[in-house]
Each structure stands twice: as C-alpha cells, then as structure tokens.
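Asks: Following this message is one structure expressed as structure tokens.
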Amino acid sequence: MSSIAKSLLQSVKHGRAACLRSSSAHSGKQRFRRLVLGIETSCDDTGAAVVDEAGCVLGEALHCQKDVHLQTGGIIPVVAQQLHRENIEQVVQEALRASGVSVAELAAVATTVKPGLALSLGVGLQYSRSLVNRHQKPFIPIHHMEAHALTIRLTHHLEFPFLVLLISGGHCLLAVAQGVSNFLLLGQSIDIAPGDMLDKVARRLSLKKHPECHSMAGGKAIEHLAQTGSQELLTFRLPMQHYRNCNFSFSGLQNLVNNAIVQKEKEEGIQEGEILSCVKDVAAAVQHAVAVHII
C-alpha cells in the first residue's frame, strides 16, 4: 500500500495546479460548480459521496459491515479488506447515479489516506489510483480526522478558529481548527481510544450474551445498559489528574475496570463469561468515568 500512497501523494501538487488552471481559465466567465467524488474506506464501512464546492452533498452511498463484524466480536482487518473490495465499485457507482453526475464532470477525486486500518485504506487507494489514472482527474488525499473536524462546516455557518473534540473507536484528541488543513493539536490519547476501551470492557462483561445487547457493538451495549444502571456502585480513579496538559489515557482505566469486574465475579460466585447481576451498574460507572475524564 505504501507505494500506492506515495504515487498518489506525489500527484497532489499536480492535481492542485490543475484545479487552479481550470479555475483561472474560467475567470471572467460565469462561475461553475466544481464537483468532488469522496471515497472513504478507513475502517469497516465503504462510503462514497459527490459534493459541490458549497458543501452540498449531491449524492451518497454506504455499505456497512457491522453485521459481519458483530459475529466475530470485533473488526478483523482481512475480512474488512475483502468486503471493501467486493463493494467499492458498487458504492461509488451508486453515489454517482444518486448525484446525476458522471466521472467526466468531476473536478477531482478525494480519498481517505490516513489514519485507519492499513488493509482497508489500501482498497480505497488502489481504486482511486485506477480511477484518477483512467479519467485523468486530480487526486486529493484526505486525513480523515481533519475531515471529521471540518464536517460541522457542512451543516452550520462556523468561522475559524474553533475548538474541536474528536472521539471514536480509534482516536481521542482535542485541537483548534485554525483553517482548512491548519490544526493546532492540544492533546490526544497517549494509549488507546475510549471507543476501543469500551469495546474491550463489553467483551470482558460478555455483553454479547446479554438479552438486550446481542445485536449491539461493545460501546453501544455499554451505553444502553448504563441508561438503567447506577454509576454509584463503583468509583474509578480518574487518569492523568496530576498532569497539567490536554492529553487523555484509557488503558489504565481499563485495567481498573477489569479488576473491579473480577472482584464482582468473586462476590457473586460466577465465572468469566457469565453475566453479572450488577452489569448495568458496572456499565454506568464505566461510562461515567470515561465521560468525566474527557470533560
């Protein structure tokens, strides 16, 4: 994948220059809409959309892999890669059809290049390489955390600078968005992300066996059970309290939670893999600790 990424990234300057030439060629004439095809394969969903320069989504399509990965208790990279390969052509064509736009009308193709699962990213990069070479279109590499940070500007009138908190299964960071591709990183997780931690806690609690949670991903199961639980059953020491910075840490908190689960299992006389009678209270306490740390 690295060779593909390098060749695509080397084309960025050429692509931007082409866009500038195209724009200058139309100066003094009626302004035209520049349309971009966006492709996203950073993790377990294959997504595509056609967007104009005003931020209007003209057409989009998505193939979700959630049901497949629920069966294995988490995302398996080689499985995600194969599903992307099987669906990317269909998803892109569906987005183009929904927008009523042909590839020839596109000003550029924008694709996630980082961060994410390397095998999943590789599928989107390979497909994009073929597309831009075949149709001679500029390529725009996208850092998908920067894209998340800027998404608010698609739906709200928001001027720079603004503070942004990004939380996901793979990331937790705090930054100041100063402009497009201009971010001041204030802090980030020094180990795992909160979503990753919650998924691991859900697996340790065997929430797949819980009648209310068998079809839910780990973090969602924790959230669901926490709604009817009491956070007062357990109190966890919050991470990073003695560090005067904006970083986060969740691996130590996960260890504290695991130890608490072991203790509760001993108290109830059950084995790992069985459901605690106080599982809703544990979920509430865990979610509360994560939220307070982030706050």
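Asks: Can you confirm whether Ala108 is under 15 Å from Phe139 (Cα atoms), open to solvent by 70 Å² or more (accessible area, probe 1.4 Å) and either in contact with a Phe, Trp or Tyr (Cβ under 8 Å, 6 or more places away or on another chain) or of a type in the set (A, V, I, L, M) (or both)?
Replies: On the way: under 15 Å from Phe139 (Cα atoms): yes; open to solvent by 70 Å² or more (accessible area, probe 1.4 Å): no; either in contact with a Phe, Trp or Tyr (Cβ under 8 Å, 6 or more places away or on another chain) or of a type in the set (A, V, I, L, M) (or both): yes.
No; evaluated as a whole, the condition is false for this residue.
Asks: Identify, please: which residue in the range 227-239 is over 15 Å from Asn259 (Cα atoms) and touching an Asp or Glu at 6+ places or on another chain (Cβ under 9 Å) and is, among those, most open to solvent (accessible area, probe 1.4 Å)?
Replies: Per the criteria, the residue is Glu232.
Asks: Please determine, by comparing only the residues of the range 180-228 that are under 22 Å from Leu150 (Cβ atoms) and of a type in the set (Gly, Ala, Ser), which one is modelled with the lowest pLDDT.
Replies: If we take residues in the range 180-228 being under 22 Å from Leu150 (Cβ atoms) and of a type in the set (Gly, Ala, Ser), then Ser181 is modelled with the lowest pLDDT.
Asks: Also, I was wondering about something else. Could you grab me the full set of residues in the range 238-295 that are touching a strand residue (DSSP E or B) at 6+ places or on another chain (Cβ under 9 Å), among the polar types (S, T, N, Q) and over 19 Å from Asp196 (Cβ atoms)?
Replies: Within the range 238-295, Asn245 is the sole residue that qualifies.
Asks: Let me ask something additional. Check off (1) under 20 Å from the mean Cα position of the chain (by Cα); (2) within 13 Å of Val286 (Cα to Cα) for Ile190 and give me the number that stays unchecked.
Replies: Failed condition: (2).
Asks: Look at His143 and say whether it is open to solvent by 50 Å² or more (accessible area, probe 1.4 Å) and modelled with pLDDT of 95 or more.
Replies: It is false that His143 is open to solvent by 50 Å² or more (accessible area, probe 1.4 Å) and modelled with pLDDT of 95 or more.
Asks: Could I ask something else about it? Any residue in the range 250-270 that is out of contact with any Phe, Trp or Tyr (no Cβ under 6 Å at 6 or more places or on another chain), over 30 Å from Gln188 (Cβ atoms) and assigned to a loop (DSSP other than H, G, I, E, B)?
Replies: yes
Asks: Something else now. Checking Gly170 against (1) under 30 Å from Val282 (Cβ atoms); (2) in a helix (DSSP H, G or I); (3) of a type outside the set (A, V, I, L, M), which single condition isn't satisfied?
Replies: For Gly170, the failing item is (2).
Asks: Does the range 18-34 contain at least one residue that is modelled with pLDDT of 50 or more, closer than 17 Å to Ser102 by Cβ, in contact with a strand residue (DSSP E or B) (Cβ under 7 Å, 6 or more places away or on another chain) and assigned to a strand (DSSP E or B)?
Replies: no
Asks: Does Glu60 meet the test of being without any contact (Cβ under 8 Å) to a residue 40 or more places away in the chain and either of a type in the set (Asp, Glu) or closer than 21 Å to Ser168 by Cα (or both)?
Replies: yes
Asks: Determine which member of the set His210, His214 is touching a Lys or Arg at 6+ places or on another chain (Cβ under 7 Å) and either over 30 Å from Pro161 (Cα atoms) or open to solvent by less than 80 Å² (accessible area, probe 1.4 Å) (or both).
Replies: His214
Asks: Another question, then. Considering only the range 152-172, I want to know if a residue exists there that is among the β-branched types (Val, Ile, Thr), in contact with a helix residue (DSSP H, G or I) (Cβ under 9 Å, 6 or more places away or on another chain) and open to solvent by less than 20 Å² (accessible area, probe 1.4 Å).
Replies: Here is the first cut: in the range 152-172, the residues among the β-branched types (Val, Ile, Thr) are 152, 155, 164, 167.
Keeping just the survivors that are in contact with a helix residue (DSSP H, G or I) (Cβ under 9 Å, 6 or more places away or on another chain) gives 164, 167.
Of the ones still in play, those that are also open to solvent by less than 20 Å² (accessible area, probe 1.4 Å) are 164.
Yes; the residues of the range 152-172 include at least one that is among the β-branched types (Val, Ile, Thr), in contact with a helix residue (DSSP H, G or I) (Cβ under 9 Å, 6 or more places away or on another chain) and open to solvent by less than 20 Å² (accessible area, probe 1.4 Å).
Asks: What tally of residues in the range 111-132 results from selecting those that are among the small types (Gly, Ala, Ser) and open to solvent by less than 20 Å² (accessible area, probe 1.4 Å)?
Replies: Matching residues across the range 111-132 total 4.
Asks: Restricting the range 280-295 to residues that are part of a helix (DSSP H, G or I), out of contact with any helix residue (DSSP H, G or I) (no Cβ under 6 Å at 6 or more places or on another chain) and open to solvent by 10 Å² or more (accessible area, probe 1.4 Å), which is nearest to His224 (Cα to Cα)?
Replies: Looking at residues that are part of a helix (DSSP H, G or I), out of contact with any helix residue (DSSP H, G or I) (no Cβ under 6 Å at 6 or more places or on another chain) and open to solvent by 10 Å² or more (accessible area, probe 1.4 Å), I get Asp281.
Asks: Moving on. From the list Ser251, Ser215, Ser206, which one is assigned by the TED database to the domain that holds Glu268 and at positive phi? Explain how you work it out, then say what you get.
Replies: Numbers: Ser251 fails: at positive phi; Ser215 fails: at positive phi.
The unique qualifying residue is Ser206.
Asks: Related question: For the range 175-194, how many residues meet the condition of being free of Cβ contacts under 8 Å to residues at least 60 places away in the same chain and open to solvent by 20 Å² or more (accessible area, probe 1.4 Å)?
Replies: Result for the range 175-194: 9.
The values are calculated or read from the model by the stated rules, or taken from the named source; none is laboratory data. Here the structure is a predicted model, which is why all the values come from computation and not from measurement. Cβ sites come from the backbone with ideal geometry, for glycine too, and all protein chains shown count toward neighbours. These area figures cover heavy atoms from the full protein model, side chains too; ligands, DNA and RNA do not enter into them. Shrake-Rupley method; radii C 1.70, N 1.55, O 1.52, S 1.80 Å.
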